[in-house]
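Every number here is computed from the coordinates shown, using simple stated rules; none is lab data. If you're wondering where the values come from, they're calculated on a predicted model, not measured in any experiment. We place every Cβ from the backbone using ideal geometry, glycine too, and count neighbours over all the protein chains shown.
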Amino acid sequence: MKIYVIGGGAIGLLVSAYLKKKNNEVTLCTRTKAQADQLNQQGLTLIRNDQSELIPIHSVTLKQAKVEEADVCLFAVKSYDLGPIMKEITSKRKKDQSYLFLQNGMTHVELASKLPDLTIAFATVSHGAVRLNQTTVQHTGVGEVNWAMYQQRTNYLTDWLHTLPSSEFPVYEHDKWEELLWSKLLVNVCINPITALTGMKNGELLESTELKQFMKCVFDEAFLLHPLQPDKERHWSQVLSVCKQTAENTSSMLVDIKHKRQTEVDAILGYLLRRAKANGLSLPTISFLYQALINREQSYQL
Ligand code: PAF
């Protein structure tokens, strides 16, 4: 099985490392030639529990990548980078190929819906990972990869995903992709914007009654749009428990703001606002957070 991992950020490096540890044939596709060259020369270093492991890896730039050779393309780029990358990759797609998406938010679902010929699965990743340099990733917290099939044209993607779990890298299958992605969306919409705007760590949100109430307003608005309307209390408890479990984490959106990078505001809040508009609903709290984040991103240029 030829696996192409698209994206040399923290999650791309982490996933590539664990796939290689399971003896998969991995090609890691990076944006820059400098990173691909360094990975080919130095290998990929995985740091976990203060121990470092050097993993040889084959890397190419996205432009050089012969993605038509891949059995599985695993997309580990931020949601806002996915559109242009997908354009390039889907133009080379072949019959029987499988795509696995790891993005936050929902814009990748919109993109996947235009590819009826492929086998596609969605996954959410809750591992803590920090890219220390172009070739080194630190696995800062063991989380989970949870996946669900979106559309199945061949069986091998499922069979391959079943080979991946290990104690250091747990992988779980789910029946319903909507349930899986919405659970993550609810967590992300409650935690990421508020931490990004206040500069707080995830756990600090629970220390203030007012912020917890504010977070609940965000949750209630987002939950209105859940297509399956599952048990609301269970999902709210899940948001609180992720906040607790990741208390010391800096959310991915706050990391983006700190580095003055684009955030996933569109894939998370923008998606909800578009859906609300289509359903004639108004989401005032989410609208406010959306605008505040857009303003923050625009202020980078000032
Ligand atoms: O985006 C993130 O940072 C993570 O999904 C989460 C769960 C909010 C923890 O920081």
Cut-off under 19 Å on the C-alpha distance; same-chain residues fewer than 8 positions from Lys244 excluded. Which aspartates and glutamates are left, in chain and number order? Glu144, Glu204, Glu207, Glu210, Glu233
I want the antiparallel fraction of DSSP beta bridges within region 2-175, as a percent rounded to 5. 35 percent
Sticking with the crude label model, points 7 Å out along Cα→Cβ, report the distance from Asp96 to Leu281 in nm, one decimal please. 4.3 nm
Modelling each spin label as a point 7 Å along the Cα-to-Cβ direction, I'd like the Asp175/Asn295 distance in nm, to one decimal. 4.5 nm
Within the chain, which whole H helices from DSSP have a Cα span along their axis of at least 15 Å and a mean Kyte-Doolittle hydropathy of 0.5 or more, if any? 10-21, 177-198
Per GNM of the chain with C-alpha springs under 10 angstrom, the most fluctuating residue out of His259, His235, His226 is His259
Gyration tensor (Cα only) of the chain to equivalent ellipsoid, semi-axes in Å sorted down, yields 31, 22, 19
In percent, how large is the relative contact order of the chain, given Cα pairs closer than 8 Å and 6 or more residues apart? 15 percent
Would you look at the GNM of the chain, springs on alpha carbons closer than 10 Å, and say which of Leu254, Leu224, Leu289 moves the most? Leu224
Taking the Cα centre of the chain as origin, sum charge times position over the Cβ atoms of Lys and Arg (+1) and Asp and Glu (-1), and report the length of that vector in debye to the nearest 20. 720 debye
Kindly state, to the nearest 0.05, the FRET efficiency for Gln262 paired with Gln51, given R0 = 30 Å and r defined as their beta-carbon distance. 0.30
Could you order the peptides 75-86, 183-194, 100-111 from most to least packed, using the average number of other C-beta atoms within 10 Å per residue? 183-194, 100-111, 75-86
Quick check for me: using +1 on Lys/Arg Cβ and -1 on Asp/Glu Cβ, what's the dipole size of region 165-293 about its Cα centre, in debye to the nearest 20? 380 debye
For region 116-209, with only Lys/Arg (+1) and Asp/Glu (-1) charged at the beta-carbon, what is the dipole magnitude about the Cα centre, in debye rounded to 20? 260 debye
Where a Cα-Cα gap under 28 Å defines reach, which lysines qualify for Lys22, not counting those fewer than 8 residues away within the same chain? Lys2, Lys33, Lys63, Lys66, Lys78, Lys92, Lys94, Lys95, Lys176, Lys184
Please tell me the relative contact order of region 180-301 in percent, rounded to the nearest whole number, where contacts are Cα pairs under 8 Å and at least six residues apart. 34 percent
Compare the Cα positions of Gln229, Met200, Leu211 along the charge dipole of region 180-301 (+1 at Cβ of Lys, Arg; -1 at Cβ of Asp, Glu; about the Cα centre) and return the one farthest towards the positive end. Gln229
